[in-house]
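Nothing in this text is a laboratory measurement; each read-out follows from the coordinates by a stated rule. Keep in mind it's a predicted model, so treat the numbers as computed, not measured. Cβ placement follows ideal geometry from the backbone for every residue including glycine, while neighbour counts extend to all protein chains displayed.
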Amino acid sequence: MLAIDADVLCNVGAYSNFPVTCGVEPLMALADLPGPYRVAEYRARARGLASNTCPMAPYRGVSRPVITAAMERLMDCAATRLGLDTLEIRRRNLITEFPHTSVTGVVHDPGSYREAMEAAARVVDIARFRARQQTARADGRWLGLGISVFAERTGPGTPAFAARRMVITPGFERVELVMDPSGSLEARIGSSPHGQGLKTTLAQLIADEIGIAPNEIRVVAGDTDRSPYGWGTFASRSLVIAGGACKLAAATLRDRLQAVAGQILEADASDIEIADGRAFVRGTDLGVEVQQLARAAYHQSHRFPVIAETGLSAVATYDPYGTFSNACHVAVVEVDLATGQVAIERFVVVEDAGRLINPMIVEGQIHGGVAQGIANALYEKVIYDERGNVLTGSLADYPVPTTAEIPSIEIHHLETLSEASVTGAKGVGEGGTIGAPAAVLNAVSDALAPFGIGIFEMPITPQRISQLLREAGFKAQ
């Protein structure tokens, strides 16, 4: 791929939303369109168009579901025109050397863009699918397979947001840790959990760093009287940035506990290890419970001048550039030519979000994101009449998929550890929504390829498929 020439038009609605502004979608589309691919020359024009529709605010994925769909459809169309396999054209163009600075100046830290695609191809066994596809076509069944490879910029700090020149520059997160005389630990965070399991994961990070149990940690968020200033949950940032601040603060608090333990056990602090809630001298069975350390630090504070000013507390701020997670999605679909209905037979995800602090939570994020992306591809659309009235204003008119429409999602993990994240973890909250639409679009296009039909817009409704079939000269029996 030598060059990309792009013209981005984005309906931003009736007015701008503060503070991200109506420019957030066209701006991110402009900056991130090349995605996981190498490209030497790039020209893009991005415009936000005001209209008499609902104002646009950030949506899960922010522009990337659409630009990923554009790039992945482009890859498939180019492969067809050039007589190349869809995997081969991607192999030739995916970024494989890191760190990589994109043509727009964005730095990609180490990832597994090609490795994820190859792993997904092995899981699906594309050669076997192609043979089954040919047999199915002979029987009047129309199967299709679609691939989507993408990279997701996650956890951007103030260095990334400052480039946007908004009135407000978000980015950092601050964490305050305080251990009370009972040995219980309170973590006050500025980030805002909203059901994604953040408190659980942060407690795990802190517990692992200090050497205590997660159930000894209480995470406090959303309390303006007690929580430090923070920027909340967006941009797949919570674990990357709040988690990084937690790890740094926990490391400081562990040092202070080691100092107290060293004085109690008459050993050098550097020889103290803490694990399973107990501090002990390395190589011996001489030790003391963390609860006893906490009690002594408060009740016999005169013995520990090393923590006279700080007590058993620590504060840390983390403000990284950001890190890229990546994934490959593969969708297998069947299209009913008589009705235009699309059924998803199989959906495979091979993702790389760095170190998985809590695999169950990661997979929950992916499941939800993929379901949302499938909805984007097949079902959900805000429809207006000619006077600007919303016609899909309730769930009676706005189709949201149920468990009957969403297939079982197969998830496979890769782990590329990157120094761009102090925890080794990368963001994963938006990836499912980013990759799924493109995989479904490519799969439906593959199913309808014998009719010369390609899909280039969402949602792919039955009415739209039936219309394309009629235009192609197909007549249902």
Inset, instruction - Kindly write out, for the stretch 342-349 in residue order, the coupling ³J(HN,Hα) from the Karplus curve 6.51 cos²θ - 1.76 cosθ + 1.60 (θ = phi - 60°), rounded to whole Hz, with x marking Gly and Pro. - result: 10, 10, 8, 7, 8, 9, 10, 10
Inset, instruction - Work through the residues other than residue 97 whose Cβ is under 15 Å from its Cβ and net out their charges, Lys, Arg +1 and Asp, Glu -1. - result: +2
Inset, instruction - State, as an integer percentage, the relative contact order of the stretch 172-318 based on alpha-carbon contacts under 8 Å between residues 6 or more apart. - result: 33
Inset, instruction - Would you order 20, 103, 350 from fewest to most other beta-carbon atoms within 10 Å of each residue's own beta-carbon? - result: 103, 20, 350
Legend entry - DSSP beta bridges in the chain [antiparallel fraction, %, rounded to 5]: 70
Inset, instruction - Kindly give the semi-axes, whole Å and largest first, of the ellipsoid equivalent to the stretch 172-318, taking each as the square root of 5 times a Cα gyration tensor eigenvalue. - result: 29, 15, 12
Legend entry - For the stretch 411-428, 3J(HN,Hα) per residue [Karplus equation, 6.51 cos²θ - 1.76 cosθ + 1.60, θ = phi - 60°, Hz, x = Gly/Pro]: 10, 10, 10, 10, 10, 9, 8, 10, 6, 5, 10, 5, 8, x, 8, 10, x, 9
Legend entry - Inter-label distance, nm, simple model (7 Å from Cα along the C-beta direction), residue 123/residue 472: 2.8
Inset, instruction - Please list the non-local residues whose amide H lies under 5 Å from the amide H of residue 412, H modeled 1.01 Å from N, same-chain partners needing a gap of 5 or more. - result: 349, 350, 351
Legend entry - Long-range HN-HN contacts of residue 278 with modeled amide H, under 5 Å: 290
Inset, instruction - Report the relative contact order of the chain, percent, no decimals, based on alpha-carbon pairs under 8 angstrom and at least 6 residues apart. - result: 19
Inset, instruction - Can you figure out the FRET efficiency of residue 9 with residue 38, using R₀ = 30 Å and their beta-carbon distance, to the nearest 0.05? - result: 0.70
Inset, instruction - Give the calculated FRET efficiency between residue 341 and residue 186 to the nearest 0.05, with a Förster radius of 56 Å applied to their Cβ-Cβ distance. - result: 0.60
Inset, instruction - Determine the sum of side-chain charges near residue 116: Lys and Arg each +1, Asp and Glu each -1, restricted to other residues whose C-beta is under 9 angstrom from that of residue 116. - result: -3
Inset, instruction - May I ask for the angle, rounded to the nearest 10°, between helix 359-378 and the longest principal axis of the chain, with both axes built from Cα atoms and the value confined to 0 to 90°? - result: 20
Legend entry - Degrees between helix 64-82 axis and first principal axis of the chain (Cα, 0 to 90, nearest 10): 50
Inset, instruction - Just rank 475, 247, 426, fewest to most, by other beta-carbon atoms within 10 angstrom. - result: 475, 247, 426
Legend entry - Cut-off 16 Å (backbone N to label point 7 Å along Cα→Cβ of residue 309), residues of the stretch 215-248: none
Inset, instruction - On a 0 to 90° scale, report how tilted helix 431-447 is relative to the longest principal axis of the chain, with both axes built from alpha carbons and the result rounded to the nearest 10. - result: 20
Inset, instruction - Using the charge dipole of the chain (Lys, Arg: +1 at Cβ; Asp, Glu: -1 at Cβ; taken about the Cα centre), state which of 399, 189, 448 has its Cα farthest towards the positive end. - result: 448
Legend entry - Residue order, fewest to most surrounding Cβ atoms within 10 angstrom, among 82, 74, 239: 82, 74, 239
Legend entry - 5 angstrom amide H check on residue 173, placed H, neighbours 5+ away: 318
